[in-house]
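The values are calculated or read from the model by the stated rules, or taken from the named source; none is laboratory data. Just so it is clear, the structure is predicted and the values come from calculations on it, not from any experiment. For neighbour counting, all protein chains shown are included, and Cβ atoms are generated from backbone atoms with ideal geometry for every residue, glycine included.
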Amino acid sequence: MYFETSDRQVFATTGGKSFDNKKPVVIFLSGSGLDHTFWGLYARHFAFRNYSVLALDLPGHTHSEGPALCSIEAMADWLNEVANVLEIDNISIVAHSMGCLIALEFVARNADKIRSVSLITSGLATAVNPALIEAAQSQPGKAIAMMLGWGFGSTGHLHQGAIPGNSMISSGCKVMSGNAPNALATDLKACNAYQNGKTAAESITTTPVQVILAGKDRMAPAKATAELVSHLHEPEQHIIAESGHMLPLENPDECRNLLKKFIFSHNPAA
């Protein structure tokens, strides 16, 4: 569906059901350069279990009007505007990679609206290799190839996805290539500049938090994810040992089962 904020048109997929702000809402936040299609299996699952779903395209990504936002804080402000425009305050957040930084910042400021938050493959910060940022600015095709090569584990590289005949890497390349010019570079620079993760994480004391990590993650390594866990208040933690950074695509059944148990418990639908 499309809707308007104060300064731009926004797109979100709703999982095949009409959006109803009277129901519990699950908001899905994607990583750098990605869009609503990353969450297709998940959006439909929750939409058909009496939740309203918003798998959002961030500004400047695929169907949402640009330009892309230049900081994690600005993205969190934009997400709060989305929540206000749609009049929702019974929210479960599900976030991946850069989306986790947005979620930390948003939840830290708006705990009264949040029933649960699930963070997938992230640390408190995302230091980005300067060569990747340079490539994203001058050779975006090269940057996309680098990210997808690092991001997927063996399941992605061997085309062993949940959808027969579908290449997760080819699909990711198509999505990331379709964003507004410079959106990927803008995302990566925003991640690299974000410094408030520790403060945000420590301030989330009343909202239930779930952390789902990948055992073979080369983009959010164990040291970074351990730091995230150590600064959260009693998070529920899971590690999917054989997955890479793109865990929601590589291990959708296990990831979805973890999410639904957590969300059903903390933000139940009628």
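Which of the residues spanning the stretch 16-46 are farther than 21 Å from ASN84 by Cα, under 17 Å from the mean Cα position of the chain (by Cα) and not hydrophobic (A, V, I, L, M, F, W, C)?
Selection gives GLY31, SER32, GLY33, ASP35, THR37, GLY40, TYR42, ARG44, HIS45.
Of the residues that sit in the stretch 238-261 and are in contact with a Ser or Thr (Cβ under 6 Å, 6 or more places away or on another chain) and of a type in the set (A, V, I, L, M, F, W, C), which one is surrounded by the most Cβ atoms within 10 Å (Cβ to Cβ)?
Within the stretch 238-261, the match that is surrounded by the most Cβ atoms within 10 Å (Cβ to Cβ) is LEU247.
If I filter the stretch 72-79 for residues that are more than 30 Å from SER18 (Cβ to Cβ), in contact (Cβ under 8 Å) with a residue 12 or more places away in the chain, surrounded by fewer than 22 Cβ atoms within 10 Å (Cβ to Cβ) and of a type outside the set (A, V, I, L, M, F, W, C), do I get at least one hit?
Yes, because at least one residue in the stretch 72-79 is more than 30 Å from SER18 (Cβ to Cβ), in contact (Cβ under 8 Å) with a residue 12 or more places away in the chain, surrounded by fewer than 22 Cβ atoms within 10 Å (Cβ to Cβ) and of a type outside the set (A, V, I, L, M, F, W, C).
Hey, can you tell me all the residues within the stretch 92-122 that are surrounded by fewer than 24 Cβ atoms within 10 Å (Cβ to Cβ) and in a strand (DSSP E or B)?
Step one: filter the stretch 92-122 for residues surrounded by fewer than 24 Cβ atoms within 10 Å (Cβ to Cβ), giving 108-113, 115-116.
Passing the criteria: ARG115, SER116.
ASP89: in a loop (DSSP other than H, G, I, E, B) and modelled with pLDDT under 95, yes or no?
yes
What residue, of THR199, THR225, THR207, is closer than 14 Å to LEU124 by Cα, buried (at least 19 other Cβ atoms within 10 Å of the Cβ) and in contact (Cβ under 8 Å) with a residue 12 or more places away in the chain? Talk me through it step by step, then tell me what you get.
Numbers: THR199 fails: buried (at least 19 other Cβ atoms within 10 Å of the Cβ); THR207 fails: closer than 14 Å to LEU124 by Cα.
Going through THR199, THR225, THR207 in turn, just one is closer than 14 Å to LEU124 by Cα, buried (at least 19 other Cβ atoms within 10 Å of the Cβ) and in contact (Cβ under 8 Å) with a residue 12 or more places away in the chain: THR225.
Just checking, which of PRO252, PRO268, PRO235 is of a type outside the set (Ser, Thr, Tyr) and modelled with pLDDT under 95? Don't jump to the end; show me each part of the working.
On the way: PRO268 fails: modelled with pLDDT under 95; PRO235 fails: modelled with pLDDT under 95.
Checking each option against the conditions leaves just PRO252.
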